[in-house]
Amino acid sequence: MSKNSKNIHSATDPAKCREMEQKYGWKLVEVRPNKDKILKVDCVFEGEQTTFEDNRYDN
């Protein structure tokens, strides 16, 4: 894992970024506003990019 790796997920507000930090044990580095009307912020965490993609069916 690169020292400068970023794991970015969008959320509706900064509180949701903090919830993800607690739930997944990720270190929140920054919350950035974006232009999306629903997922209004990008939560930037330390580490490699992760996904919430559903892999149950090997699709």
Taking the Cα-to-Cβ direction at Val29 and at Phe52 and moving 7 Å from each Cα, how far apart do the two end points lie in nm? 2.1 nm
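Would you mind putting 9-21, 29-41 in packing order, based on average other-beta-carbon counts within 10 Å, highest first? Please list the in-between numbers first.
Numbers: 9-21: 15.4, 29-41: 11.8.
Output ranking for 9-21, 29-41: 9-21, 29-41.
For the range 1-40, what % of the accessible area comes from carbon and sulfur atoms, probe 1.4 Å? Walk me through the intermediate numbers first.
Details: 1730 of 3320 Å².
The computed percentage sits at 52.
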Rounded to the nearest 20 debye, dipole of the range 1-50 from Cβ charges on Lys, Arg, Asp, Glu: 100 debye
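Report the extension gain between Lys40 and Glu21 in nm, rounded to one decimal, defined as 0.36 nm multiplied by the number of residues separating them, less their alpha carbon distance. Mind dumping the intermediate values first?
Details: separation 19, 0.36 × 19 = 6.84 nm, distance 1.72 nm.
Using 0.36 nm per residue and subtracting the Cα-Cα distance, I get 5.1 nm.
The values are calculated or read from the model by the stated rules, or taken from the named source; none is laboratory data. What you are looking at is a predicted structure, and each value in this text was computed from that prediction instead of being measured. Quick reminder, even Gly has a Cβ in these numbers, built from the backbone with ideal geometry, and neighbours come from all protein chains shown. Keep in mind that these areas ignore ligands, DNA and RNA; they rest on the heavy atoms of the full protein, side chains included. Shrake-Rupley method; radii C 1.70, N 1.55, O 1.52, S 1.80 Å.
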